[in-house]
Amino acid sequence: MKIFVTGVGGQLGHDVMNELAKRGYEGVGSDIAPAYSGVADGTPVTGIPYVQLDITDRAAVEKILAEIRPDVIVHCAAWTAVDLAEDNDKIEKVRLVNVCGTENIALTARKLDCKMVYLSTDYVFDGQGTDPWQPDCKDYKPLNVYGQTKLDGELAVAGNLEKYFIVRIAWVFGVNGKNFIKTMLNIGKTHDRLTVVNDQIGTPTYTYDLARLLVDMIETEKYGYYHATNEGGYISWYEFACEIFRQAAALGHAEYDAEHLTVVPVMTAEYGVSKAARPFNSRLDKRKLVENGFTPLPTWQDALERYLRVIEF
């Protein structure tokens, strides 16, 4: 198989390219930068064929993909700065990337008759209640611009293709880029007390583990909507922060232990309003993975330990 991956300068695209290389597949990476701009960690993604592509330019998308003629497109590129997306001068740009760019990819995939993987988010739902969201639930009520544009991207894929995997994820972390873990570790170095929200519930997703699942998927024709986060149970951001610091301290970083750092749980209302409304219930039901023969991701606790061992902090 030849696989074309968008957004290889981001967390997930980086790991998807490395997983493809591990399995001996021909991967071609792309992003908007003139050359690969992700972390220079010496992994295969840094040396794999790369093409510059603005996904909002339909003619460019059609031209480049017609030349490459991939069997699969894994569409990781997206606008993911949730709060910035609320700014009036950014909304159109967000729509161009998340909706028009995705539609350009989907329409070209249809022309080439290739499979497509689209990464989406729990933000397509309103985050109310406590029941886990089902992958085939159509009760969409996005709370913010980012969520609405990712939903519109989903609809562009499902409305134009039959051979697609729409995979919703949440609370993403990887070696390449910013994430909650890196933020906590950085703030924890300079503060002795942190407040973290305790009423937003979900499960983290390690891109290294997710990449393996996505490549498992494209080796099949079990198309449709899926939810994919690490196993290990539903937690709050506060509980996640506590485990980050506990594991960091266990690895020898005493500045994060209970004697040096106190983490205090607060309600979202106490924490302060962010520009973009956040869902309280980000629980995603993942049983469909097992029902279709896919191996679930490891626990988030195990993923966190492996992650802390490969990053510098």
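Computed quantities for the displayed model
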{"read-out": "Antiparallel %, DSSP beta bridges [both residues in the chain], to 5", "value": "5 percent"}
{"read-out": "By average C-beta atoms within 10 angstrom, highest first, the peptides 7-15, 162-170, 148-156, 70-78", "value": "7-15, 70-78, 148-156, 162-170"}
{"read-out": "Label corresponding to mean projected area of the Cα convex hull in nm² when calculated from the structure given, among [x] 24.2; [y] 15.5; [z] 16.5", "value": "[y]"}
{"read-out": "Most positive-pole-ward Cα, Val266, Leu161, Thr295, against dipole of the chain from beta carbon charges", "value": "Leu161"}
{"read-out": "5 angstrom amide H check on Lys2, placed H, neighbours 5+ away", "value": "Asp71, Val72"}
{"read-out": "Ala35/Asp113 FRET efficiency (R0 41 Å; Cβ-Cβ; nearest 0.05)", "value": "0.85"}
{"read-out": "Per-residue ³J(HN,Hα) for segment 83-94, Karplus 6.51 cos²θ - 1.76 cosθ + 1.60, θ = phi - 60°, Hz, x for Gly and Pro", "value": "6, 4, 4, 7, 5, 4, 7, 10, 4, 5, 5, 4"}
{"read-out": "Karplus-derived 3J(HN,Hα), 6.51/-1.76/1.60, for each residue of segment 135-145, Hz, glycine and proline x", "value": "x, 9, 5, 10, 7, 7, 8, x, 9, 8, 4"}
{"read-out": "Count of lysine pairs in segment 69-195 with Cα separation under 17 Å (8 or more residues apart, or interchain)", "value": "7"}
{"read-out": "From phi via Karplus (6.51, -1.76, 1.60), per-residue ³J(HN,Hα) for segment 236-241 in Hz, x at Gly/Pro", "value": "9, 4, 4, 5, 5, 4"}
{"read-out": "Percentage relative contact order, segment 100-221, counting C-alpha pairs under 8 Å, at least six apart", "value": "29 percent"}
{"read-out": "Whole-number percent relative contact order across the chain, with pairs defined as alpha carbons under 8 Å at least 6 apart", "value": "20 percent"}
{"read-out": "1.4 Å probe accessible area per residue over the chain, in Å²", "value": "43 Å²"}
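The values are calculated or read from the model by the stated rules, or taken from the named source; none is laboratory data. None of the values given here were measured: they were computed from a predicted structure. A quick note on method: Cβ atoms are made from the backbone with ideal geometry, for glycine too, and the neighbour counts reach across all protein chains shown. Ligands, DNA and RNA are stripped out before the accessible areas are found, and what is left, the full protein with its side chains, is counted by its heavy atoms. Shrake-Rupley method; radii C 1.70, N 1.55, O 1.52, S 1.80 Å.
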